[in-house]
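Since the structure comes first, as C-alpha cells, the remarks are kept for the end.
The values are calculated or read from the model by the stated rules, or taken from the named source; none is laboratory data. Only a predicted model underlies this, so the values are computations on that prediction, with no experimental measurement involved. Because the Cβ atoms are built from the backbone with ideal geometry, glycine has one as well, and the counts that use them run over all protein chains shown. These area figures cover heavy atoms from the full protein model, side chains too; ligands, DNA and RNA do not enter into them. Shrake-Rupley method; radii C 1.70, N 1.55, O 1.52, S 1.80 Å.
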Amino acid sequence: DRDVTGVQTCALPISEAMYLPMAMHTLINQAFIECPDFDRLVIIEHDMLPPIDGLERMAEYGEEHDIVGTMYFKHDYPYHVMSWMQVQPPYYSPLTAEITKQMVDNPALYEVDAVAMGFTAIRRQVFENWDPNIPMWDPIPPLVGHDLHFCNQAKIQGFKVWVDSGIGSGHLTLVPIGYGHSQEALAESHPPRWNTEDGMECYNELANRER
C-alpha cells in the first residue's frame, strides 16, 4: 500500500508450516511480481499480533534503515527480545534486561546486529544489491536460523539492522508474550549485563546507538 508520503510498503504474511528459507525465497519473488514498485517489504509471521498502525509507522523509516525489526519477545522462558548483538562473533547474544528496559522506556530505533523476522521491514535495495554468490536465507554453519543468517550476511554486505522499540507486538502462544514476562524472567535468571569485556563494550556501544 502507498501512504501519504508516497512510500509503497508490501506486507506479506508467512507460515512456519514449510521450510522457512524456501518460504522466504518464494515470498520475496512473489513481492516483486505482485508489488513491482514496492519500497519496503514487511514480513508478518502467522503468530504475530502487530499494532494496528504498524505498517504506517514502518513506511516512515529513512533510507538508512535497511532492516528494522520490532519489539517482541520469545515464546520460551526467559522471554528474550527477538533481537541480538554479536558479543562474541560469529555467535549472537540476547539483549540483557537492562538494555531491554532502556529500549522500552525510551522508544526509538536502535541499531543492533540481528532481529527475527516476525514483524520486520526490509528495504527493497537489500534484495536488489544482495551478493548473488551468498545465499540469502539458507544458514551457513555455525549459524542456525534463517533470520540470524540473513542479518549476519546483510551486515557483512554493508546494510544496517535496527530494532524499533516503539512498535510493540504480541507473540502468540497460549497467551501473547510481552515485556512484563521478559523483565520478570530476566530479573530472576539473568545478569544485568554481559559478563565479558567484549560484551560490556558492545553494551556501551548499543547504549549510544539510539536514533
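Side notes on the structure shown:
- Filter pass, Ile140 being modelled with pLDDT of 85 or more, under 22 Å from Ala31 (Cβ atoms) and among the aliphatic types (A, V, I, L, M): no
- Counted as qualifying within the stretch 69-170 are the strands (runs of 3 or more DSSP E) with 1 or more residues that are open to solvent by less than 10 Å² (accessible area, probe 1.4 Å), namely 83-88, 109-112, 119-123, 161-168.
- Where a residue in the stretch 153-166 is under 18 Å from Tyr91 (Cα atoms) and its partner, wherever it lies, is loosely packed, with under 15 Cβ neighbours inside 10 Å and of a type outside the set (A, V, I, L, M), with Cβ under 7 Å and at least six apart: Gln157/Asp131; Lys160/Glu64
- Selection status of Leu186, hydrophobic (A, V, I, L, M, F, W, C), touching a helix residue (DSSP H, G or I) at 6+ places or on another chain (Cβ under 7 Å), at pLDDT below 95 and not in a helix (DSSP H, G or I): no
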